[in-house]
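A short reminder: the numbers here are calculations on the coordinates, not readings from a lab. Because the structure is predicted, anything quoted here is derived from the model rather than measured. Cβ atoms come from the backbone with ideal geometry, glycine included; neighbour counts cover every protein chain shown.
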Amino acid sequence: AQTVTQSQPEMSVQEAETVTLSCTYDTSESDYYLFWYKQPPSRQMILVIRQEAYKQQNATENRFSVNFQKAAKSFSLKISDSQLGDAAMYFCALTNNAGNMLTFGGGTRLMVKP
Amino acid sequence: GAGVSQSPSNKVTEKGKDVELRCDPISGHTALYWYRQSLGQGLEFLIYFQGNSAPDKSGLPSDRFSAERTGGSVSTLTIQRTQQEDSAVYLCASSPQGPREQYFGPGTRLTVT
């Protein structure tokens, strides 16, 4: 069985500042994939960033980057230059090499203060 | 291109009635998933379809839940004899073959009164 844990139910950041959302996971698989999804009030789950476990280099997408620590089973998301539109629920998720399902963490609600 | 679509957007039903929720995946995506998002349980996997293979039904919470996928495209999730605990947002996602990222639809909010 695989599990994903997000220990921060809520986070707050000032506009233009940087914030880091934490995620830890557990899996017995050697090949797996990690994701961060954003869910604004519209309910639409939007992919933010993806990381393949076999890649040592941390993924980056514009203002979003991850700190992937495989040995520690940690996968944190850093949002730089936070914008009001970044306010949403953020979910960390894990899938194995078969890609048969995503296991989600409990989510972190990010608030951005103007 | 068009994303994943789901209908209806919202559904209110009486306890004991049957409901059908529909999902149209992204064209060409071979994998289709259903998840349930509720306040108490977070995001739960329900069922997974991959091409013409038998679906993975391991996440369905009871035999009142079933799903089918016709012609490798559109999927319908059916809940029979709805209960109040079935109230949740039902999310559908699709993915190209393999362990790729999943693309989600806007969800159907089901309320059982």
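With chain A treated as a Gaussian network of Cα nodes joined by springs under 10 Å, which of A:M101, A:M11, A:M45 yields the largest mean-square fluctuation?
A:M101
Among B:E14, B:E44, B:E85, which comes first, second and so on when ranked by fewest other beta-carbon atoms within 10 Å? Don't skip to the end; give the middle numbers.
Details: B:E14 8, B:E44 18, B:E85 12.
Going from least to most buried by this count: B:E14, B:E85, B:E44.
Looking at the range B:7-39, which trypsin sites (Lys or Arg not before Pro) are in a loop (DSSP not H, G, I, E or B) and have at most 14 other Cβ atoms within 10 Å?
Here the trypsin sites (Lys or Arg not before Pro) that fit, given the DSSP loop and packing criteria, are B:K15, B:K17.
What is the Cα centroid distance between the range B:40-113 and the range A:89-114, reported in whole angstrom?
Cα centres, the range B:40-113 to the range A:89-114: 18 Å.
Check cross-link reach from A:K70 to the lysines: straight Cα distance under 22 Å, and skip same-chain residues fewer than eight apart.
Counting by Cα, and skipping residues close in sequence, A:K70 has these lysines nearby: A:K55, A:K78.
Show which lysines lie in cross-link reach of B:K57 when reach means a straight Cα distance below 25 angstrom and same-chain residues fewer than eight apart are skipped.
Within the straight-line cut-off, B:K57 pairs with B:K11, B:K15, B:K17.
Based on other C-beta atoms within 10 Å, arrange A:S42, A:S82 from fewest to most.
Ordered from fewest to most neighbouring Cβ atoms within 10 Å, A:S42, A:S82 come out as A:S42, A:S82.
Could you work out the relative contact order of the range B:1-77, using alpha carbon pairs under 8 angstrom and six or more residues apart, expressed as a whole percent?
26
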